[in-house]
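Shown below is the structure under consideration.
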Amino acid sequence: MKYEVIMFDADDTLFDFKKAEKEAFKNTMVGYGINYDENYHYRIYDEINTALWRDFDNGLITQENLKYQRFKELSHRLGAGFDEYEFAEIYMKNLSQGSFLYEDSIPLVESLKNDYRMTIITNGLTDVQHNRVRNSAIGKYMEEVIISEEVGLSKPDFRIFDYALKKINYHDKSKVIMVGDSLTTDIQGGINSGIDTCWYNPDKNVNKSKFKPTYEISQLMMLKQILEN
């Protein structure tokens, strides 16, 4: 086999994070007695959250600050006056309970479990990802689940990939592949670490970045074709 170790991203690769996020946000807003309108409230939150995660990827904000800043800005935009710290804690508790896997995730992982060593590397928050990912239906098939906040490193920093390999005591990068949906974190990070990469691109977006993945797939099960060739 060309590869022996598969590193997976979690959200928007194996897990439907957008579904979990929308559900958690709705439940939190409703819990605050807000007459929730997804087209209005979630659109504003998503705009704020996306911008702050972009700042995080560029090293402009810490994950600790991001947790609360997004809800401070949301409260200001909505004129809601809620406490961002309390809101964040309730939201993250709701989010940690939303473990939604894509339809092909379990069949894919189960089909690979006997032939490959698998890990997950996620740029998530510990309180959220521990339950959603580690305790999910596929968590038992992963040798390690590396959470960025927990280890103090995040993709695309090559050190988080090296940390993951050290955790499973594996050193041959020529037989490792990183699978993820983000060109700027998963693919760039894999390239930074010197391992092959596979871009999961279900929407078949055009790659306008400078990061060129080794492979590209639009369906999760297509990964098996790559591994078997």
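For segment 149-194, state which chymotrypsin sites (Phe, Trp or Tyr not before Pro) are in a DSSP loop and have at most 14 other beta carbons lying within 10 Å of their beta carbon.
none
When the chain is modelled as a GNM with alpha-carbon springs shorter than 10 Å, which of GLY139, GLY190, GLY59 fluctuates the most?
Result for the chain, Cα springs under 10 Å: GLY59 fluctuates most.
Here is a follow-up. Which residues does the label zone of LEU101 cover in segment 117-135, counting backbone N under 12 Å from a point 7 Å along Cα→Cβ?
133-135
Continuing with this model, one more query. Express the accessible area of the chain per residue in Å², computed with a 1.4 Å probe while the remaining protein chains stay in the model.
Accessible area per residue: 49 Å².
Just order 210-220, 174-184 by mean Cβ neighbour count inside 10 Å, highest at the front, would you?
Top of the packing list down: 174-184, 210-220.
Here's a follow-up. Report the Cα centroid-to-centroid distance between segment 117-148 and segment 152-229 in angstrom, as an integer.
16
Moving on to the next point. Please enumerate, by chain and number, the aspartates and glutamates with C-alpha under 17 Å from the C-alpha of LYS19, excluding those fewer than 8 residues away in the same chain.
Straight-line reach from LYS19, under 17 Å: ASP9, ASP11, ASP37, GLU38, ASP46, GLU47, GLU103, ASP104, ASP181, ASP203.
Where does helix 17-31 land angle-wise versus the long Cα axis of the chain, in degrees 0 to 90, nearest 10?
Approximately 20 degrees, to the nearest 10.
Compute the angle between helix 43-57 and the longest alpha-carbon principal axis of the chain, please, reported from 0 to 90 degrees and rounded to the nearest 10.
The answer is roughly 50 degrees.
Place a label point 7 angstrom from the Cα of ILE168 along the Cα-to-Cβ direction, then list the residues of segment 112-131 whose backbone nitrogen is under 13 Å away.
112-122
Also: P(r) for segment 17-97: what percent of alpha-carbon pairs falls in each 10 Å bin, starting at zero?
Per 10 Å bin, starting at 0, the Cα pair percentages come out as 18, 57, 24, 1.
Strictly over 29 Å apart at the Cα level, which of LYS72/LYS155; LYS167/LYS204; LYS113/LYS204; LYS22/LYS167; LYS18/LYS140; LYS72/LYS93 would you flag in this model?
Flagged as over cut-off: LYS167/LYS204; LYS22/LYS167.
Filter the GluC sites (Glu not before Pro) in segment 65-134 down to the DSSP loop ones having no more than 12 other Cβ atoms within 10 Å, then list what survives.
Hits after loop and neighbour filter: GLU103.
Please give me, ordered by residue number, the trypsin sites (Lys or Arg not before Pro) of segment 74-154 that lie in loop per DSSP and have at most 16 other Cβ atoms within 10 Å.
LYS113
Carbon-plus-sulfur fraction of the accessible area of the chain, 1.4 Å probe, in percent?
Looking at the chain in its full context, I get 44 percent from C and S.
As an exercise, use a Förster radius of 30 Å and the Cβ-Cβ distance of LYS18 and ALA80 to find the FRET efficiency, rounded to the nearest 0.05.
That pair, LYS18 with ALA80, gives E of 0.85.
Quick one: angle between helix 158-167 and the longest Cα principal axis of the chain, in degrees between 0 and 90, rounded to 10, please.
Relative to the chain, helix 158-167 is tipped by roughly 70 degrees.
Further question: What does a probe at THR50 reach in segment 22-38, counting residues whose amide N is under 15 Å from the point 7 Å along Cα→Cβ?
Within reach of a label on THR50: 22.
Checking the a/c ratio against 1.5 first, then a/b against b/c, what shape does the Cα gyration tensor give for segment 86-189?
The shape class here is oblate.
Let me ask something else. Defining a contact as two alpha carbons under 8 Å apart and six or more residues distant in sequence, what relative contact order in percent does segment 17-97 show?
Over segment 17-97, the number comes to 37 percent.
The values are calculated or read from the model by the stated rules, or taken from the named source; none is laboratory data. Computed from a prediction, not measured in an experiment: that's the story for all the values here. FYI the Cβ positions are ideal-geometry reconstructions off the backbone, even for glycines, and counts take in every protein chain you see. We work out accessible area using only protein heavy atoms, side chains counted, and drop any ligands, DNA or RNA first. Shrake-Rupley method; radii C 1.70, N 1.55, O 1.52, S 1.80 Å.
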